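None of the figures in this text is laboratory data; all of them are computed from the coordinates on show. This is a predicted model, so every value here is computed, not measured. When we count neighbours, we look across all protein chains shown, and the Cβ atoms used for this are built from the backbone with ideal geometry, even at glycine.
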Amino acid sequence: MSNISRTIYEIQSLDALAKEKRWINELHPLVKICVTMLYIGMTVSFPKYCLGGLLAMAVYPVILFTVGELSFRAGLRRLRIVLPLVCVVGVFNPFFDREIYAYLGKVAVSGGVLSMVTLMLKGVFTVFASYLLIATTTVEKICYALRMLHLPKLFVTQLLLIYRYIGVLSEEAGRITRAYELRAPGQKGIHVKAWGTLVGQLLLRSMDRAEQIYESMCLRGYQGEFYYGDKIKMRGRDIVYLCIWTAALIALRCLPVTEKIGSLFM
């Protein structure tokens with residue numbers, strides 16, 4: 001399977017995952033967005049040396065992966081490109097902050113190493129929280145919830161179109177790549193001299209497809225904003241889910257949970 005075909009398959013499989021009939025998928029999208037935003041805000045608010053407190057925030061993704069019956073291995077595979085980039089953020093901290101902050105047995109741990117691990121964990125936790133939102137909520141429901149938060153309709157429309165038609169763009173790129181491979185069967189990859197021509201063809205095809213899509217939208221009554229289906233009512237379990245996670249995340253942020261758990265085993 002080529003890289004483009006694999007990308008199209010990943011997009012379709014993630015969309016199908018969000019449409020499955022599971023209780024977490026059927027929660028109100030506004031509640032899930034609020035909980036995700038609260039979790040990300042609480043996670044990034046930890047000081048750079050507060051590694052013990054930050055470890056407690058792993059409870060949220062662990063519980064959602066378990067209760068939501070989501071594959072952690074599949075999540076790692078889909079995020080295999082993003083996670084290394086996130087981990088590079090604090091890689092230079094040990095060179096700038098060499099002051100010894102703590103001792104792990106007889107091993108001295110500098111403040112730079114501690115802040116590097118803390119930054120990496122913050123990035124990993126926030127990326128997993130965003131993935132869990134996408135894996136349990138369709139893009140239409142996310143856009144519906146964003147409009148409930150009164151985000152500009154232009155921003156929401158752009159978000160929906162980018163997500164929906166990135167597959168169309170990938171299919172066009174796949175057709176161009178397959179045509180090139182048929183004309184150069186013994187060649188590995190695309191020659192550098194053909195890059196400009198192929199990118200130009202992809203741009204022209206994308207512009208033509210975009211014009212056709214826009215005309216189809218206008219014929220169906222598009223007037224600057226999409227209608228994302230029937231209104232979703234807030235139910236009791238949505239309120240309970242929001243209250244439980246709000247209280248839990250505030251407790252994990254404000255209370256020394258990991259220290260208290262560690263003291264039980266000492």
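Here's the picture: a label point sits 7 Å out from the Cα of Lys231 along the beta-carbon direction, and within region 153-175 the residues with their amide nitrogen under 19 Å of it are 153.
The alpha carbons of region 1-151 occupy a box of 51, 39, 30 Å along the principal axes, longest dimension given first. Peptide packing for 135-141, 201-207 was compared via the average number of neighbouring C-beta atoms within 10 Å per residue; ordered from the highest value, the list is 135-141, 201-207. Approximating the spin labels as points 7 Å out from Cα along Cα→Cβ, the Arg80-to-Cys254 distance works out to 4.3 nm. Classify region 84-220 from the C-alpha gyration tensor, please: rounded if a/c falls under 1.5, else prolate or oblate depending on whether a/b exceeds b/c. Oblate, since a/c reaches 1.5 and b/c is not below a/b. Taking the C-alpha atoms only, the angle from helix 153-183 to the longest principal axis of the chain is near 60 degrees. Over the chain, the ratio between the Cα radius of gyration and 2.2 N^0.38 Å evaluates to 1.26. Computed extension length for Ile244-Ala58: 65.3 nm, one decimal, from 0.36 nm per residue of separation with the Cα-Cα distance subtracted. Charging the Cβ of each Asp and Glu at -1 and of each Lys and Arg at +1, and nothing else, the dipole of region 47-174 about its Cα centre rounds to 100 debye. Here the contact order of region 113-217, divided by its residue count and restricted to Cα pairs under 8 Å and six or more residues apart, works out to 18 percent.
Among the chymotrypsin sites (Phe, Trp or Tyr not before Pro) in region 82-146, those located in a DSSP loop and surrounded by at most 15 other Cβ atoms within 10 Å of their own Cβ are Phe92.
Taking 0.36 nm per residue of separation and subtracting the current Cα-Cα distance, fully stretching the chain between Leu161 and Phe92 would add 21.1 nm. Taking every C-alpha pair closer than 8 Å and separated by at least 6 residues, the mean separation divided by the residue count of the chain gives a relative contact order of 32 percent. Evaluating kT/(6 pi eta Rh) at 10 °C and 1.306 mPa s, with the Kirkwood radius of region 33-73 over Cα pairs in the Stokes-Einstein relation, gives 140 µm² s⁻¹. Among Arg78, Arg147, Arg183, the residue with the largest mean-square fluctuation in a Gaussian network model of the chain, with springs joining Cα atoms closer than 10 Å, is Arg183.
Quick check for me: using +1 on Lys/Arg Cβ and -1 on Asp/Glu Cβ, what's the dipole size of the chain about its Cα centre, in debye to the nearest 20? Walk me through the numbers on the way to the answer.
Values: 31 positive and 18 negative charges, 62 e Å.
Dipole magnitude for the chain comes out near 300 debye.
In the chain, the longest principal axis of the Cα atoms and the axis of helix 236-254 are about 50 degrees apart. As a calculated quantity, the FRET efficiency between Phe72 and Ala210 at R0 = 35 Å, using C-beta atoms, amounts to about 0.40. Gain on full extension, evaluated as 0.36 nm per residue between Val109 and Leu169 minus their Cα-Cα distance, stands at 16.8 nm. Amide H contacts of Lys19 (H built 1.01 Å from N, in plane; Pro and chain starts excluded): no residue 5 or more places away or on another chain comes under 5 Å.
When the chain is described by a simple charge dipole with +1 on each Lys and Arg Cβ and -1 on each Asp and Glu Cβ, the residue from Leu202, Ile176, Phe96 located farthest towards its positive end is Ile176. Rounded to the nearest 10 degrees, what's the angle between the helix 3-18 long axis and the longest principal axis of the chain, both from Cα atoms, 0 to 90? Its long axis makes an angle of about 60 degrees.
The residue among Gln12, Thr66, Pro47 whose Cα reaches farthest toward the positive pole of the charge dipole of the chain, with charges on the beta-carbon of Lys, Arg, Asp and Glu, is Thr66.
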